[in-house]
Amino acid sequence: MKKYTFTEKKDTRSGFGVGLLEVGRQNSNVVALCADLTGSLKMDAFKKEFPDRFFQVGIAEANMIGLAAGMTIGGKIPYTGTFANFSTGRVYDQIRQSVAYSGKNVKICASHAGITLGEDGATHQILEDIGLMRMLPHMTVINTCDFNQTKAATIAIANYPHPVYLRFGRPVVPIFTPADQVFEIGKAWKVNDGTDVSIFCTGHLVWESIIAGEMLAEQGISADIVNIHTIKPLDVEAVLTSARKTHCVVTAEEHQINGGLGDLIANTLAQNLPTHIEMVAVQDRFGESGTPDQLMEKYGLKAKNIVEKVHKVIQRKKSSL
């Protein structure tokens, strides 16, 4: 098992803030819009350096999406910022009609996704957003795993002339991907080479998968771990290459079991390479108030839960031989 270490932890939303400022310096067509959450989305530095390119729309998320769509007609590249719940569920009609259907080059940047929003509770902890967004034609869906990857993705999407949903979070997590990485949209990132089981993971569950891989290695199980940072378009070849090697799969995500990464991987395998699969995800439930770690534990999204699913799917594989 390849060893990953870290010397620092940061929230992925801070990676977005740093990336937004950098891409703003690189491209004068980049503008930013926020729905009264400038500090929470770490957009302060962009606002300070480019006050004429920053638009505070207030608690009016639907208007923000409409404004962003209109700005693209004039050649601007708008980045909208608010919580994931308000970025998707609250404004789904506006995104569908004004952005996706129209093919507008809007970057919908969503923080505080999943149950790791923590104490704000179920009403703010959207766990359906990946499903909502990946079902929209023309929409690209990205879910990053640490500060560095979020920064790199924020910069990369400016040169990608399509609607994008960029998902990140509030809790501090280990920084373990390279600081100088070039983010490739639609290209999965191989975390570890293995032969016994494939683990396809995304977002905060990438680090949990790394821990799980180390635990499995101690048990003599070799895990092929793949970071699916781009949910759509999916790197189908990376998925099939890994599954052909291991013949069993576990998916891991901070999202509902319905409509997320697990569903997508299962569908891909069913059409191309039927394979035993188990999923680590929220089991068709709403969230609740609690610390991020408490909720990850209660909802079964920890490394130990990934290990349990690995043992289960390997046993299924063995039983079918």
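Does ALA188 satisfy being surrounded by fewer than 23 Cβ atoms within 10 Å (Cβ to Cβ), within 13 Å of the chain's Cα centre (by Cα) and not acidic (Asp, Glu)?
It is true that ALA188 is surrounded by fewer than 23 Cβ atoms within 10 Å (Cβ to Cβ), within 13 Å of the chain's Cα centre (by Cα) and not acidic (Asp, Glu).
Could you list, in sequence order, the residues of region 214-251 that are under 22 Å from the mean Cα position of the chain (by Cα), over 14 Å from ASN272 (Cβ atoms) and not β-branched (Val, Ile, Thr)?
ALA223, ASP224, ASN227, HIS229, LYS232, PRO233
With the requirement that a residue be under 22 Å from LYS42 (Cα atoms) and touching a strand residue (DSSP E or B) at 6+ places or on another chain (Cβ under 8 Å), what does region 72-85 give you?
Result: LYS76, ILE77, PRO78, TYR79, THR80, GLY81, THR82, PHE83, ALA84.
Just one of the numbered conditions (1) farther than 20 Å from LEU136 by Cβ; (2) buried (at least 17 other Cβ atoms within 10 Å of the Cβ) is not true of TYR92; which one?
(1)
Looking at region 209-227 only, could you name the residues that are in contact (Cβ under 8 Å) with a residue 60 or more places away in the chain and crowded, with 24+ Cβ neighbours inside 10 Å?
Scanning region 209-227 gives SER209, ILE210, ALA212, GLY213, LEU216, ALA223, ASN227.
VAL182 fails exactly one of the following numbered conditions: (1) among the hydrophobic types (A, V, I, L, M, F, W, C); (2) at pLDDT 95 or above; (3) not in a helix (DSSP H, G or I). What is the number of that condition?
(2)
Could you say which residue among ASP284, ASP263, ASP224, ASP235 is of a type in the set (Asp, Glu) and within 24 Å of THR5 (Cα to Cα)?
From the options ASP284, ASP263, ASP224, ASP235, the qualifying one is ASP224.
Consider ALA69 carefully, then state whether it is farther than 30 Å from VAL173 by Cα and in contact with a strand residue (DSSP E or B) (Cβ under 9 Å, 6 or more places away or on another chain).
When the stated conditions are applied, ALA69 passes them.
Give me the strands (runs of 3 or more DSSP E) completely within region 1-60, filtered to those with at least 2 residues that are under 30 Å from GLY213 (Cα atoms), ordered by residue number.
Passing ranges, in order: 9-11.
Give the residue, chosen from ALA68, ALA62, ALA45, ALA84, that is surrounded by 14 or more Cβ atoms within 10 Å (Cβ to Cβ), in the same structural domain as LEU132 (by TED's automatic domain parsing) and touching a residue at least 60 places away in the same chain (Cβ under 8 Å).
Within the list ALA68, ALA62, ALA45, ALA84, the selection yields ALA84.
The values are calculated or read from the model by the stated rules, or taken from the named source; none is laboratory data. Keep in mind the model is a prediction, meaning the values are calculated, not measured. Virtual Cβ from ideal backbone geometry, glycine too; neighbours counted across all protein chains shown.
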